Amino acid sequence: MVNKKIKLFLILSSLIFIFFTFYLGLNKNNYYTTENIVYKKIENFESYEFFSNKKISFKNISPDKKYIILNIWSSWCLPCRKEHKNLIKLRENIKVDLIGLNYKDKFENAKSFLSELGNPYDIILKDKNGLISIEIGAYGVPETYLINNINKKIIKKYLGPINEENVKEIQSLAKQ
Amino acid sequence: MNNKFNIISLIIFFLFINYSFADEKIKRIDKVSKNLRCLICQGQSVYDSQSEFALSIRDLIIKKIDEGETDDEIYDYLKVKYGDWIIYDPKFDKNTILLWLIPLILFIFGGLLIFRKVIIIK
């Protein structure tokens, strides 16, 4: 009799456990993104300036600015084309330097992309083989980062093209 | 004649050494990239995928191996950048303790049940 009760209790409690495990699992977002991996420091890297091909260290970029915005782009990436007008809008209304990182691109193609759509960037760096983007923790193009330029920590990440709302958010974050 | 033979065998020896080292390196690149999830692909590893992301990660693995880093150092580097999700084989820590222990507990529990049944039948 006692044995039966214990069995019943065990079966019931395991059923309840399984039910709640699956129930909680239902509500959990299983779409993985690195968007929440923020406040991480970007380690120093070296790259080449897009037009002059001069070697530049990330730590020496815009030394007088408290924040910088880093945008990873490429001429072959369609969403980048879509986002470009928002980058230009962002650059017009903000005192923060906008740094472009040209991802796995051909120089000629990238140059004609900029002459066609305008160049919002203060500095453009090259990422020929995509290793700098991995150093930053990026998936690909386009991605935009608001970075504290004093300690080089990421404040906010935008995966994919930025929209007008993101532009407003970046503007208000970079004012603080 | 003897001298020629020596030179030829030396060349073959070096070619072989070079070949086996290269082979070893490719095996390591494959092994590491098979254990890394391509984060922008659906159910593919870095090894399987031809996306720009996976190709860059493979370049990174080659660079890190050339710099003399171990497999674990490469995994740790990528874990800092992208989180634990990028590794297929989860490490044993406080977040994954249930994942590792539940099969073990079920195994022991089931074994006990079978053992008791067998004893009772006997």
> What's the local net charge at residue B:50, with K and R +1, D and E -1, over the other residues with C-beta under 14 Å away?
Replying inline: -1
>> Using +1 at the C-beta of Lys and Arg and -1 at the C-beta of Asp and Glu, which of A:132, A:101, A:8 has the Cα lying farthest in the positive direction of the dipole of region A:6-148?
In response: A:8
> Looking only at A:154, A:11, A:94, which one moves most when chain A is put into a Gaussian network model with springs between Cα atoms under 10 Å?
Replying inline: A:11
>> Shape verdict for region A:46-175, please, from the Cα gyration tensor: rounded (a/c under 1.5), prolate (a/b greater than b/c) or oblate.
In response: rounded
> Sorted by accessible area with a 1.4 angstrom probe, largest first, how do B:71, B:93, A:127 fall?
Replying inline: B:93, B:71, A:127
> Based on DSSP H runs of at least 4 residues, each adding -39500 (n - 2.57), what is the mean residue ellipticity at 222 nm of chain A after dividing by all its residues, to the nearest 500 deg cm²/dmol?
Replying inline: -13000 deg cm²/dmol
> Quick one: helix B:52-66 against the long Cα principal axis of chain B, what's the angle to the nearest 10°, folded into 0 to 90?
Replying inline: 70
>> Which one, B:90, A:56, B:53, projects farthest toward the positive side of the charge dipole computed for the protein assembly as shown from Cβ point charges (K/R +1, D/E -1)?
In response: B:90
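Using the Cα gyration tensor of chain B, with a ≥ b ≥ c the square roots of its eigenvalues, what is the shape: rounded (a/c below 1.5), prolate (a/b larger than b/c) or oblate (neither)?
oblate
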>> Solvent-accessible area of residue A:33, probe 1.4 Å, all protein chains present, reported in Å² to the nearest ten, please.
In response: 30
> When only the heavy atoms of the protein chains count and the probe is 1.4 Å, how do B:9, B:56 rank by accessible area, highest first?
Replying inline: B:9, B:56
> What residue among A:139, A:103, A:32 shows peak mean-square fluctuation when chain A is described by a Gaussian network model with Cα springs under 10 Å?
Replying inline: A:32
> To the nearest 20 debye, what is the magnitude of the charge dipole of chain A about its Cα centre, counting +1 on the Cβ of each Lys and Arg and -1 on the Cβ of each Asp and Glu?
Replying inline: 720
> Dipole magnitude of the protein assembly as shown about its Cα centre, charges +1 at Lys/Arg Cβ and -1 at Asp/Glu Cβ only, in debye to the nearest 20?
Replying inline: 1160
>> Taking the 0 to 90 degree range and rounding to the nearest ten, how far is the long axis of helix B:2-34 tilted relative to the main principal axis of chain B, both from C-alpha atoms?
In response: 30
>> If I histogram all Cα-Cα distances within the protein assembly as shown using bins 10 Å wide from 0, what percent of pairs lands in each bin?
In response: 5, 20, 24, 18, 13, 10, 7, 3, 1, 0
>> If the elastic network links every pair of Cα atoms under 10 Å, which of A:65, A:85, A:54 fluctuates the most in the Gaussian network model of chain A?
In response: A:54
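Restricting things to Cα coordinates, could you compute the convex hull volume per residue of region A:55-95 in Å³?
Looking at region A:55-95, the number lands at 91 Å³ per residue.
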> Which distance in nm do the two modelled labels at residue B:92 and residue A:85 give, with both placed 7 Å along the Cα-to-Cβ direction?
Replying inline: 5.7
>> Given the -39500 (n - 2.57) contribution per DSSP H run of 4+ residues, what per-residue ellipticity at 222 nm results for chain B, rounded to the nearest 500 deg cm²/dmol?
In response: -24000 deg cm²/dmol
>> Solvent-accessible area of residue B:52, probe 1.4 Å, all protein chains present, reported in Å² to the nearest ten, please.
In response: 80
>> Using the Cα centre of region B:22-117 as origin and beta-carbon charges of +1 (Lys, Arg) and -1 (Asp, Glu), tell me which of B:41, B:62, B:108 is placed farthest towards the positive end of the dipole.
In response: B:108
>> Please give the charge dipole size of chain B, origin at the Cα centre, charges +1 on K and R Cβ atoms and -1 on D and E Cβ atoms. Round to the nearest 20 debye.
In response: 680
> Residue separation times 0.36 nm, minus the C-alpha to C-alpha distance between residue A:131 and residue A:44: what's the value?
Replying inline: 30.1 nm
> By how many degrees, between 0 and 90 and to the nearest 10, does the Cα long axis of helix B:71-82 differ from the longest principal axis of chain B?
Replying inline: 70
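The values are calculated or read from the model by the stated rules, or taken from the named source; none is laboratory data. Just so we're clear, the structure is a prediction, and the values are computed from it rather than from any experiment. Glycine also receives a Cβ, built like all others from the backbone with ideal geometry; neighbour counts cover every protein chain displayed. Ligands, DNA and RNA are excluded from the accessible area calculation, which covers all protein heavy atoms including side chains. Shrake-Rupley method; radii C 1.70, N 1.55, O 1.52, S 1.80 Å.
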